[in-house]
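The values are calculated or read from the model by the stated rules, or taken from the named source; none is laboratory data. Treat the numbers as computed from the prediction; the structure is a model and nothing was measured. In this analysis, Cβ positions are derived from the backbone assuming ideal geometry, glycine residues included, and neighbour counts consider all displayed protein chains.
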Amino acid sequence: DAGVTQSPTHLIKTRGQQVTLRCSPKSGHDTVSWYQQALGQGPQFIFQYYEEEERQRGNFPDRFSGHQFPNYSSELNVNALLLGDSALYLCASSTGTGGVQFFGPGTRLTVL
Amino acid sequence: AQSVTQPDIHITVSEGASLELRCNYSYGATPYLFWYVQSPGQGLQLLLKYFSGDTLVQGIKGFEAEFKRSQSSFNLRKPSVHWSDAAEYFCAVGASGNQGGKLIFGQGTELSVKP
């Protein structure tokens, strides 16, 4: 039984570029949440997707957007990248918006 | 505002010694509480969770945690630490009164284990 998978593992971009990160949930899960973890910090909630709609959103600007597909996988898009967007981006999946969240290994984004 | 505080940024214990990692939370209702562990370069692994009922919860890898409402605490304990326990530990609270949803994390406690 595959757990949560994320791609790519690492990514290097320059300021102003756009990036797309991908997440496949654990088998049987239908909800995906995204978190940003800056170096030395705890993860911060970006948003949560369920039934292909954004259900909750954290304190992140509109440059951060997402999408959920019919197979429950999800994408996180970040436009106009800033140096401060460099972080580990974690995806978590659950059964329903209130389910216990299981995390993927993350995508390490570096913005130069 | 909802928040989680982990007062200890870094703790070092000897292998075989007992461990207690502190977590204090601020939440307006009955919280749902979690401990996750993160090894270097890895994602988060769920150690244990508290929703309701018995305030002492057992988790994986021999960890346990005790919910104390009067102290707004959810400290993580292990009676005998193994070298493989060296990692970053995060306490989290589930917002909005559900079993997950938006999780609010503390800043983490880095655990080092001396041989």
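Which one is surrounded by the most Cβ atoms within 10 Å (Cβ to Cβ) among residues in the stretch A:56-112 that are touching a strand residue (DSSP E or B) at 6+ places or on another chain (Cβ under 6 Å), of a type in the set (Ser, Thr, Tyr) and outside any strand (DSSP E or B)? Checking each candidate, the answer is A:Thr97. Counting only strands (runs of 3 or more DSSP E) wholly contained in the stretch A:1-47, the ones carrying 3 or more residues that are under 21 Å from A:Tyr72 (Cβ atoms) occupy A:5-7, A:19-24, A:31-37.
Is it the case that some residue within the stretch B:77-86 is under 23 Å from A:Thr107 (Cα atoms) and within 11 Å of chain A (Cβ to nearest Cβ)? Checked against the condition, which is being under 23 Å from A:Thr107 (Cα atoms) and within 11 Å of chain A (Cβ to nearest Cβ), the stretch B:77-86 yields no hits at all. Just one of the listed residues (A:Gly106, A:Gly84, A:Gly99) is at pLDDT 95 or above and closer than 17 Å to A:Thr31 by Cα, namely A:Gly106.
The residue that is nearest to B:Ala87 (Cα to Cα), among those in the stretch B:24-67 that are without any contact (Cβ under 8 Å) to a residue 40 or more places away in the chain and in contact with an Asp or Glu (Cβ under 8 Å, 6 or more places away or on another chain), is B:Lys61. Criterion applied to B:Phe90, B:Phe74 was being at pLDDT 95 or above, under 9 Å from the mean Cα position of the chain (by Cα) and under 20 Å from A:Ser33 (Cα atoms), and the one residue passing it is B:Phe90. From the list B:Val81, B:Val57, the one residue that fits, being hydrophobic (A, V, I, L, M, F, W, C), assigned to a loop (DSSP other than H, G, I, E, B), modelled with pLDDT of 95 or more and touching a Leu at 6+ places or on another chain (Cβ under 6 Å), is B:Val81. Every test in (1) crowded, with 19+ Cβ neighbours inside 10 Å; (2) within 14 Å of the chain's Cα centre (by Cα) is passed by B:Gln58 save one, and that test is (1). Checking each residue in the stretch B:23-53 for being assigned to a loop (DSSP other than H, G, I, E, B) and surrounded by fewer than 17 Cβ atoms within 10 Å (Cβ to Cβ) picks out B:Gly28, B:Ala29, B:Thr30, B:Ser39, B:Pro40, B:Gly41, B:Gln42, B:Phe51, B:Ser52, B:Gly53.
Just a yes or no: is a residue in the stretch B:27-43 out of contact with any Cys (no Cβ under 9 Å at 6 or more places or on another chain), more than 20 Å from A:Ala92 (Cβ to Cβ), at pLDDT 90 or above and more than 9 Å from every other protein chain (Cβ to nearest Cβ)? No, because not a single residue in the stretch B:27-43 is out of contact with any Cys (no Cβ under 9 Å at 6 or more places or on another chain), more than 20 Å from A:Ala92 (Cβ to Cβ), at pLDDT 90 or above and more than 9 Å from every other protein chain (Cβ to nearest Cβ).
Across the stretch B:95-115, a minimum of one residue is classified as closer than 20 Å to A:Phe47 by Cβ, modelled with pLDDT of 95 or more and either touching a Cys at 6+ places or on another chain (Cβ under 6 Å) or within 14 Å of chain A (Cβ to nearest Cβ) (or both).
For B:Asp8, the conditions (1) over 18 Å from A:Gln41 (Cβ atoms); (2) in contact with a Lys or Arg (Cβ under 8 Å, 6 or more places away or on another chain); (3) in a loop (DSSP other than H, G, I, E, B) all hold with the exception of (1). Any chance the stretch A:12-33 includes a residue that's touching a residue at least 60 places away in the same chain (Cβ under 8 Å), among the small types (Gly, Ala, Ser), facing chain B (nearest Cβ under 9 Å) and surrounded by 15 or more Cβ atoms within 10 Å (Cβ to Cβ)? There is at least one residue in the stretch A:12-33 that is touching a residue at least 60 places away in the same chain (Cβ under 8 Å), among the small types (Gly, Ala, Ser), facing chain B (nearest Cβ under 9 Å) and surrounded by 15 or more Cβ atoms within 10 Å (Cβ to Cβ). Take the conditions (1) surrounded by 12 or more Cβ atoms within 10 Å (Cβ to Cβ); (2) out of contact with any Cys (no Cβ under 6 Å at 6 or more places or on another chain); B:Cys91 misses just one of them, which is (2).
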